[in-house]
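Data first, discussion second: the structure below is written as structure tokens.
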Amino acid sequence: KSIFVGVDHLFLNDITVDDKGVVYVSDSRTGKVYEITNGTAKTYLENLKNVNGLLAQGSELYLLADGALYKSNKDKETVKLAGDMDKSTDGVVMLKPGEYIVTSWAGTIYYVKESAPVHLLSDTRAEKINAADLGYNKKENVIYVPTFFHNTVVAYKLQ
């Protein structure tokens, strides 16, 4: 049985779970983020062009949409933290409060610090190597980025 019965969805993309067990799922084609509680999905946020990457931290939800990083609180008040990234933003991890690594499907990886310019760390667009979602090993300070069509996962040690 689908938990999305009666919910208009087209392209479910990323998923995250908050500390209370609430599941959030992005739908890149409808521009919505769904909230799943007690086995039932409902629209949590909408009108988010190309929404993809999600990250739940405490009572806040971080999301990527159309080349920007946003933060939404429990009251669904959403603020833009950073922009000027490739429109295909895909994955986000938090290094520490206010500092993030963001990937884009096109092949870019960014260091994002709130209230500062976005810093491009890697760009493999010319080589046509995608940078999909990512994982973060906090203990080793290493990010892992799947390259999709190149069938590899690249590890980057953060300095």
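The values are calculated or read from the model by the stated rules, or taken from the named source; none is laboratory data. None of these values were measured; they are calculated from a predicted model. Here the Cβ positions follow ideal geometry from the backbone for every residue, glycine too, while neighbour counts run over all protein chains shown. Please note that ligands, DNA and RNA were not included when accessible areas were found on the heavy atoms of the full protein model with its side chains. Shrake-Rupley method; radii C 1.70, N 1.55, O 1.52, S 1.80 Å.
Using DSSP to call loops (not H, G, I, E or B), can you name the GluC sites (Glu not before Pro) in segment 1-94 whose Cβ has at most 15 other Cβ atoms within 10 angstrom? Within segment 1-94, the qualifying GluC sites (Glu not before Pro) (loop, at most 15 other Cβ atoms within 10 Å) are 46, 77. Of the accessible area of the chain, computed with a 1.4 Å probe over protein heavy atoms only, carbon and sulfur atoms account for 50 percent. For segment 52-111, trypsin sites (Lys or Arg not before Pro) meeting the loop criterion (DSSP other than H, G, I, E, B) and having at most 14 other Cβ atoms within 10 Å: 74, 76, 87.
Given a Förster radius of 22 Å and the C-beta distance between residue 20 and residue 94 as r, what FRET efficiency does 1/(1 + (r/R0)^6) yield to the nearest 0.05? Here the calculated transfer efficiency is 0.80. Please state the relative contact order of segment 55-142 as a whole percent: Cα pairs under 8 Å, 6+ residues apart? Across segment 55-142, relative contact order equals 20 percent. Legend: distances between Cα atoms for 96/128; 20/49; 49/96; 20/157; 42/76; pairs beyond 20 Å are 96/128; 20/49; 49/96; 20/157. Net charge in the neighbourhood of residue 48 (other residues with Cβ under 13 Å of its Cβ; Lys, Arg +1, Asp, Glu -1) is +3. Springs join every pair of Cα atoms under 10 Å in this Gaussian network model of the chain, and among 146, 97, 117 the largest mean-square fluctuation is at 97. Based on Cα contacts under 8 Å between residues 6+ apart, segment 17-78 shows a relative contact order of 25 percent. Measuring nothing but how far apart in sequence close Cα pairs (under 8 Å, 6+ apart) lie, relative to its length, the chain scores a relative contact order of 12 percent.
Under the convention that each Lys and Arg Cβ holds +1 and each Asp and Glu Cβ holds -1, the size of the dipole of the chain around its Cα centre is about 140 debye. Under the combined filter of DSSP loop state and at most 13 neighbouring Cβ atoms within 10 Å, segment 58-159 retains none of its chymotrypsin sites (Phe, Trp or Tyr not before Pro).
Each of 130, 58, 33 was scored by the projection of its Cα onto the charge dipole of the chain, and the greatest displacement toward the positive side belongs to 58; charges sit on the C-beta of Lys, Arg, Asp and Glu. Sorted largest first by accessible area at a 1.4 angstrom probe radius, with every protein chain in place, the residues 125, 29 fall in the order 29, 125.
Can you classify segment 84-159 as rounded, prolate or oblate using the Cα gyration tensor, where a ≥ b ≥ c are the square roots of its eigenvalues, rounded means a/c under 1.5, and otherwise it's prolate if a/b beats b/c and oblate if not? In terms of gyration-tensor shape, oblate.
Taken per residue, the accessible surface of segment 17-159 reaches 53 Å², heavy atoms only and a 1.4 Å probe. Spin-label pair residue 142-residue 156: with each label point 7 Å from Cα along the Cα-Cβ axis, the two points sit 1.5 nm from one another. Taken one residue at a time, the phi angles of segment 116-129 give Karplus couplings (6.51, -1.76, 1.60, θ = phi - 60°) of 9, x, 6, 10, 6, 8, 8, 9, 10, 4, 4, 8, 6, 10 Hz. Gly and Pro are set to x.
Charged side chains reduced to their Cβ positions (Lys and Arg at +1, Asp and Glu at -1) give segment 116-159 a dipole of some 100 debye around its Cα centre.
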